[in-house]
Amino acid sequence: QVQVVESGGGLVQAGGSLRLSCAASGSIFMINAMAWYRQAPGKQRELVALITNTGDTNYEDSIKGRFTISRDNTKGTVSLQMNSLKPEDTAVYYCAAVGVKLQVWGQGTQVTVSS
């Protein structure tokens with residue numbers, strides 16, 4: 001089994017930065033990719049960024065150039081550096097670990113960007 005726990009998040013002014021971290025534990029060898037999703041009030045959960053075991057990344061269009069996902073495979077951790085934050089980035093951010101027949105979610109962490 002795999003578990004993931006997020007940390008970071010909080011309240012920041014527009015233009016500021018935050019860093020989210022996620023630690024996976026358990027059978028981390030089962031993980032092929034780790035990702036960050038977010039869900040704003042009244043909206044569907046959306047993929048923000050994903051990184052595979054080989055380092056390939058994929059970003060949602062609205063955060064390209066502002067957010068960077070990174071990963072330490074040996075530690076089973078993934079981070080999301082968020083710069084130039086905008087009020088529309090306000091959401092609950094979830095970490096996910098994905099593998100063959102595996103998708104595990106963290107509990108989520110709130111990110112609030114004030115204008």
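Note on K101: lysines with a C-alpha under 28 Å away, same-chain residues under 8 apart excluded, are K43, K75.
Take the alpha carbon atoms of region 1-83, find their radius of gyration, then divide it by 2.2 N^0.38 Å using N residues; give the quotient.
Details: Rg = 13.1 Å, N = 83, 2.2 N^0.38 = 11.8 Å.
Normalised Cα radius of gyration, region 1-83: 1.11.
Roughly how many Å² is the accessible area per residue of the chain, as a whole number, for a 1.4 Å probe? Numbers along the way, then the final one.
Working: 6010 Å² over 115 residues.
For the chain, the solvent-accessible area averages 52 Å² per residue.
Of the listed residues V98, V78, the order by accessible area with a 1.4 Å probe, largest first, is V98, V78.
Could you give the alpha-carbon Rg of region 38-115 over 2.2 N^0.38 Å, rounded to two decimals? Spell out each step's value before the answer.
Working: Rg = 12.9 Å, N = 78, 2.2 N^0.38 = 11.5 Å.
Output field value: 1.12.
Between E88 and R19, the FRET efficiency estimated from the beta carbon spacing at R0 = 25 angstrom works out to 0.85.
Taking every alpha-carbon pair in region 29-69 and binning the separations at 5 Å intervals from zero gives 6, 22, 27, 22, 14, 6, 2, 0 percent.
The values are calculated or read from the model by the stated rules, or taken from the named source; none is laboratory data. Just so it is clear, the structure is predicted and the values come from calculations on it, not from any experiment. All Cβ positions, glycine included, derive from the backbone under ideal geometry; neighbour counts span all protein chains shown. Accessible surface is based on the protein model in full, side chains and every heavy atom, while ligands, DNA and RNA are left aside. Shrake-Rupley method; radii C 1.70, N 1.55, O 1.52, S 1.80 Å.
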